[in-house]
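The values are calculated or read from the model by the stated rules, or taken from the named source; none is laboratory data. Please read all numbers here as calculations on a predicted model, not as lab measurements. Cβ coordinates were reconstructed from backbone atoms using ideal geometry, including for glycine residues, and neighbour counts include every protein chain displayed.
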Amino acid sequence: MCLGVPGRVVHVDGALATVDFWGVRRQVRLDTVDQPVVPGDYVLNHVGFAIRRIPPEDIVETLALYEQLLQESAAEDMMRADVEAEIAAGDVPPVPG
Amino acid sequence: MRVAPVVRSEARSISPLLAGRRIVVRGTVQGVGFRPWVARLARAEGVAGEARNAGDGVVIEAFAEPRILDGFLDRLAHPEPPAARVRAIDWEEIPVRLEGSFKIAITESLAAGISPRVSIPPDLATCPRCVEEIADPGNRRFGYPFTNCTDCGPRFTIALDLPYDRRTTTMAPFEMCPDCRREYENPLDRRFHAEPNACPRCGPRLKLIDAEGREKSPEQPLHAAARALEAGMIVAIHGIGGFHLACDATSSVAVARLRQRKRREEKPFAVMVRDLERARWVADLTLEEEELLLTVERPIVIARRAKEGALAPEVAPENPWVGLLLPYSPLHHLLFAELDRPLVMTSGNLSGEPLACAEEEALDRLRDIADLFLVHDRAIATRCDDSVARFIGDGPVLLRRSRGHVPRAIRLARPVATPVLGCGGELKNTFCIAFGDEAFLGPHIGDLESLATSEVYAEAVDRLERFLGVSPELTAHDLHPDYFTSHYARERGGPGGRLIAVQHHHAHVASALAEHGIDGPVLGLAWDGTGDGGDGTAWGGELLLASAAASERLATMRPLSLAGGEAAIHEPWRLAFAALDDAFDGAPPLADLQLFANLEARALVTVRRMIAAGVRSPRAHGVGRLFDAVGALLFAAPRARFEGQLAMRLEGTAVTGAPRPYPFELDRAARPWQIDWRPALRAIVADLALGVAAGTIAARFHDTLVAAGAAVVRAATAERGAMPVVLTGGCFQNALLANGLTAALAGHDVRMQRRVPPGDGGLALGQAWAASAIHRRTSAAAMAAGGA
Amino acid sequence: MSARLPLVPAEAEQLRFRDPERARALAAGLERVTRAIGRSPGSPVSVMHVCGSHEQAIAKFGLRAVFPRELDVIMGPGCPVCITDLPEVDEAVALARQGVRIATYGDMLRVPGTMQSLADAQAEGARIEVVYSVAQAVDRARASSEELVFFATGFETTAVATAAALVADPPPNFSVLSAHKYIPPVMEIVAEMPQTRIEGFLAAGHAATITGWGIFEEFVERHRLPVVVAGFEPLDILAGLLKLVELIHDERAEVVNAFPRCVTKEGNLRAQELLWRVFRPTGGRWRGIAHVPNGNLRLREEWAERDARQRFAIQVEELWNYAPPALSQECICGDIMAGIAAPADCRLFGRECVPDSPVGACMVSSEGTCKIWHQYGGHPDLRVSPEPKGVGA
């Protein structure tokens, strides 16, 4: 779990953001990120907390590794399993819009 | 080092060009690299001749021009080998016998008529060069745990007899291989006549076994032992002076298990660390303490435990101090190379029993404590505990004088008329044989309450007598009739023997006199836990006007009742109760005191009755008991698990600051004078009610004792005149107390005991010195009475 | 010496995932520079990384087959689960056995304690709940008034989340048993260990997102060892290693950031402020390393109410009447954690110790070296494993 996982911010409500991880929506806390975050931004998420707002120019690069991993089977691949765990760290709320 | 002035012979040189001198050097000059150094010196100066060990010291026959021999003699007084000590050099002219080069001869037997002195050196910690060699993969002693040289290694603990030579040590069975023999015989080699010289091919071997004797990991016993320690196991390690029990000092589980099996509930364990850097993980060390750790005697140094340091709290529960030790044998160095963590290194014995020093003994007595045994085949001839030291004031104080110091003698200011054995005390025993102008303290024996320990005692006395070639007929012992040593003395006394009983605190003061070479009279503050006063009470808070042969009791502490006798020492709440009862005139305010909150009401009633009726409640004057009483109150600790536990805690808790003693009285109408601590106790109770911090109360309690001690010394000085003041007794192991009194008595000539323990470990020296003085006086009186 | 590939920030940005050309070029460069340092496979250049995800990537993508034989890339104490030692696991187990609800990250369930793991305690009826985030634990606390203790494990990046959760005023029945660890101090210890002879460090990219790379400057000064911050893609790792061996070759003790898209010099100041508001560093035991000064993170005095150690009397002594089982003596997790042995050196690896029945912590966690090596096909290393290290080796 040293690996943070990137996701796209869909909605922001105070310190709580709804983040889309390849179609799966989770809640991520924003108390720990050092820049203002708006919907459309991408954040790097670790155990349910955003640790960095990913600069737009880095987004594609950052996503590439994870996209590759997600093609693996979580049951067999540890890195994929870790990524799943990070995604699961958010709650499952009803999402507006 | 004190060197007697060189005595120059009157005889003139026989040959005008060359002279010959027979030089006898006495002191610690055997087994410390002295002869090889003499050989190198002789070569450098152009002196021909020979040097050999004799029972007395080293005898050198030197031939050269007179002025070169003069220079040679001067250099001899200041030997380079670090452990050599020259006590005296005597010489006489002899005929010139030209030799080609300087030789060192194999030891010859003793010349008749010269009484042997023990010149066996103490055991020396591994020197830096040997440490390098065992870590160097290119060296033939790489990884060899029995590496030593003329500057280091075991000496006293492997010596079987005099003179000190391989044949008379436990290394005798090991035949040196050609390489080792070459080193041993080459005067320029660092291992020249290093009696325990060995290498992996010809020397002792290490083995790891379990309690059944089955060998584990024959190729890598040390590595396996390190693994086991890491896994939390307890390993018995066959060391220099005996077995240690070792476990991981950072693991609560391991330490707790060791406590349980060794049956040692709370007494702190000594901890060995890899080096000074690791020592700082574990303790807040001053520069002086670091130096003390590095000395060649390698004592356990008592230092302040680091908060949030690496040690598991079980190592020294509720105790702000830790006893630290650096590696002193190649085995230790190699172990720490495999295992980078602090290790508990406590003596290999069940509490109360003597240190195990032979393999079978260890397997037998430690089988229920240790999981594994790291053993070897270099036998230990004499068991010898580690020494313990503390830095107090401006120098170290030996709290326990043992490995590294024994059997070095204490030089006496005057020779004793006849050899005398001082038997020592009951707890922390050592004995002492004084002979000529030297006093030889034996190794730490321990508490003589167990049968096994008392057997060790008799054996140890026998051995030292054999080494010295003397069996004293004069025996000094403590007044206490039930001490093991008193029984031993009486049995030994027999027909023809002379017994002298020396009061405990007089012996403490006499010990200080002997150590400092003072004749007296002195004012001796002898403060400890307990010692038979000979008047039915236990003394321990004494001011004695004393010389070696006699003492007058000028002042004492107001006594406490020990309700239940011994029980009061294990359950200091009883002492606290007695003190409060006294201080509050029979109406002690127990309700507000945490200490009494959880005690059974019945126990309190019983104790109250005992004290009121004076039944089974002997009176004790010991300052140590006051510490127990105040400590019990302050920390709400009804029990003490070991001697001095509460005193240590009090010292450790006390905050620094300007002295603010509590009030006390000095009753000079009483004979002897009495220090009345009752006002102080009342003030402490008041402070406790106010919620004053424990650190402050502890500090003020120390200040009070200092003020009281100083007051009584000043009063005595005013009445009896100025004289030196000695601080002695186990209470002066407390740095706060010792430093405080030394400062408060500035202007007086104050002496502390340092080279000899101020506690009961130094008692025997005082007994011997006092008995000798008494004997001289009574013999003189007898002679005068009988007419000449 | 022939031309090396310089690694300037602009080029770092152009790294393409799984670009075979690029990968080949980097591998060749790595080989060239390592050879130029002039070692033999018997005494290779040793570098250490301290991140489970780095080891996962290395093992998964078979990078050790690509590294030159004269380069030894060792995993150090970078698995937060594995380095949580017995005393802390015992505290959580003891609390659980005392009837207190415990919430914990899943990986911690099966880590062995002196007597039991949390999973064992759970089997005996203790209430242990697995969460993926401290925020979930807070939610569970909110759901009832019963005490809930969050067993907080993980390095400083994870500790940030715990700190944020505490600062956000969780319900009064929520408290934290902190077993968090702080990585930079352990690098100090490892740098001093004679057995390891580490010549450079690869630092974890996402942890450095929080701490910034500036945090390594003092370390580099003091120990004269280079540090390169690298990301997690195989090309990131190769590029990072190449930079590291270059620094070693040139004897330049510097910090280089090879992961600029996520790491800046100061890092995330807001997260750092949260972290140090709640935690303070203190000395402590890590599995395999007796004492790491400042290596543990504990709650500051002001948070005493939230500190499970202050809130509860944890009765660990009851767990200690227990002799260590014979097998655990053979377990060399400690050495593996300290980077002085590899899983292949362990007698039990792949035999008595497998993910389904782990003997040591390194086989329990997805970031443990042993589990990683076991998952990705055992020993991915092509060369003979080095001799177990002893005195002077």
### Query
Any residue at all in the range C:328-347 that is at pLDDT 85 or above, surrounded by fewer than 16 Cβ atoms within 10 Å (Cβ to Cβ) and under 27 Å from C:Pro44 (Cα atoms)?
yes
### Task
Those residues that are closer than 22 Å to A:Ala81 by Cα, free of Cβ contacts under 8 Å to residues at least 60 places away in the same chain, surrounded by 18 or more Cβ atoms within 10 Å (Cβ to Cβ) and not hydroxyl-bearing (Ser, Thr, Tyr), I need them from the range A:10-51; list them, please.
A:Arg29, A:Val43, A:Leu44, A:Asn45, A:His46, A:Val47, A:Gly48, A:Phe49, A:Ala50, A:Ile51
### Message
For the range B:604-619: of the residues being in contact with a Ser or Thr (Cβ under 7 Å, 6 or more places away or on another chain) and in a helix (DSSP H, G or I), which is nearest to B:Thr537 (Cα to Cα)?
### Response
B:Ile611
### Task
Residues being small (Gly, Ala, Ser) and more than 30 Å from B:Thr126 (Cβ to Cβ): count how many of those fall in the range B:67-87.
1
### Task
Return the only residue of B:Ala640, B:Ala710, B:Ala694 being surrounded by 19 or more Cβ atoms within 10 Å (Cβ to Cβ), touching a residue at least 40 places away in the same chain (Cβ under 8 Å) and not basic (Lys, Arg).
B:Ala640
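Test B:Arg414 against the stated conditions and say whether it is touching a residue at least 60 places away in the same chain (Cβ under 8 Å) and not polar (S, T, N, Q).
Considered against the rule, which asks whether it is touching a residue at least 60 places away in the same chain (Cβ under 8 Å) and not polar (S, T, N, Q), B:Arg414 comes out as no.
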### Task
Check the range C:194-208 and report whether any residue there is part of a helix (DSSP H, G or I) and more than 11 Å from chain A (Cβ to nearest Cβ).
no
### Task
Sort out for me the strands (runs of 3 or more DSSP E) sitting completely within the range A:1-59 that have 1 or more residues that are under 21 Å from C:Gly231 (Cα atoms).
A:5-13, A:16-21, A:42-46, A:49-54
### Query
So which residues in the range C:209-234 are among the charged types (D, E, K, R), at the interface with another protein chain (Cβ under 10 Å from one of its Cβ atoms) and without any contact (Cβ under 8 Å) to a residue 40 or more places away in the chain, if there are any at all?
none
#### Entry: Which listed residue is in contact with a strand residue (DSSP E or B) (Cβ under 7 Å, 6 or more places away or on another chain), at pLDDT 95 or above and closer than 28 Å to B:Val655 by Cβ, from B:Val713, B:Val756, B:Val726
B:Val713
### Query
So which residues in the range B:327-347 are crowded, with 24+ Cβ neighbours inside 10 Å and at the interface with another protein chain (Cβ under 8 Å from one of its Cβ atoms), if there are any at all?
B:Leu334, B:Pro342
#### Entry: Residues of the range B:513-548 classified as of a type in the set (Ser, Thr, Tyr) and in contact with a strand residue (DSSP E or B) (Cβ under 7 Å, 6 or more places away or on another chain), total
2
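Applying the selection to the range C:261-296, what residues are touching a strand residue (DSSP E or B) at 6+ places or on another chain (Cβ under 9 Å), more than 7 Å from every other protein chain (Cβ to nearest Cβ) and part of a loop (DSSP other than H, G, I, E, B)?
Matches in the range C:261-296: C:Val263, C:Thr264, C:Lys265.
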### Query
Of all residues in the range C:157-187, which are more than 15 Å from C:Thr282 (Cβ to Cβ) and of a type in the set (D, E, K, R)?
C:Asp169
### Message
Against the condition within 11 Å of another protein chain (Cβ to nearest Cβ), touching a strand residue (DSSP E or B) at 6+ places or on another chain (Cβ under 6 Å), outside any strand (DSSP E or B) and hydroxyl-bearing (Ser, Thr, Tyr), how does C:Thr162 come out, does it pass?
### Response
yes
### Query
Residue check: is C:Leu247 aliphatic (A, V, I, L, M) and under 22 Å from the mean Cα position of the chain (by Cα)?
no
### Query
Quick check, is B:Ala226 part of a helix (DSSP H, G or I) and either among the hydrophobic types (A, V, I, L, M, F, W, C) or at pLDDT below 95 (or both)?
yes
### Query
Just a yes or no: is a residue in the range B:291-300 within 14 Å of chain C (Cβ to nearest Cβ), surrounded by 18 or more Cβ atoms within 10 Å (Cβ to Cβ), touching a residue at least 24 places away in the same chain (Cβ under 8 Å) and not in a helix (DSSP H, G or I)?
no
### Query
Under 6 Å by Cβ, and 6 or more places apart or on different chains, what pairs join a residue from the range A:52-66 that is more than 8 Å from chain C (Cβ to nearest Cβ) with one that is among the aromatic types (Phe, Trp, Tyr)?
A:Ile59/A:Tyr42
### Query
Out of all the residues in the range B:231-275, which are in contact with a helix residue (DSSP H, G or I) (Cβ under 6 Å, 6 or more places away or on another chain) and farther than 26 Å from B:Arg365 by Cα?
B:Val273, B:Arg274
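So is B:Asp462 part of a helix (DSSP H, G or I), within 27 Å of B:Leu399 (Cβ to Cβ) and out of contact with any helix residue (DSSP H, G or I) (no Cβ under 6 Å at 6 or more places or on another chain) or not?
yes
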## Note on the structure
Counted residues in the range B:655-667 being assigned to a loop (DSSP other than H, G, I, E, B) and modelled with pLDDT of 95 or more come to 4
### Message
Step by step: first the residues of the range C:170-193, then only those that are assigned to a loop (DSSP other than H, G, I, E, B) and surrounded by 23 or more Cβ atoms within 10 Å (Cβ to Cβ), then the one that is nearest to the other protein chains (Cβ to nearest Cβ). Which residue is that?
### Response
C:His180
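Yes or no, residue by residue, for (1) of a type in the set (Ser, Thr, Tyr); (2) surrounded by fewer than 20 Cβ atoms within 10 Å (Cβ to Cβ); (3) at positive phi; (4) touching a residue at least 24 places away in the same chain (Cβ under 8 Å):
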residue	(1), (2), (3), (4)
B:Leu124	no, no, no, yes
B:Cys130	no, no, no, yes
B:Arg167	no, yes, no, no
B:Leu188	no, yes, no, yes
B:Asn197	no, no, no, yes
B:Ser217	yes, yes, yes, no
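For (1) over 18 Å from C:Thr84 (Cβ atoms); (2) in contact (Cβ under 8 Å) with a residue 60 or more places away in the chain; (3) surrounded by 21 or more Cβ atoms within 10 Å (Cβ to Cβ), each residue gets a yes or a no:
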| residue | (1), (2), (3) |
| --- | --- |
| C:Tyr132 | no, no, yes |
| C:Arg140 | yes, no, no |
| C:Phe151 | no, no, yes |
| C:Ala164 | yes, yes, yes |
| C:Val167 | yes, yes, no |
### Tally of residues being in a helix (DSSP H, G or I) and closer than 22 Å to B:Gly691 by Cα across the range B:632-647
6
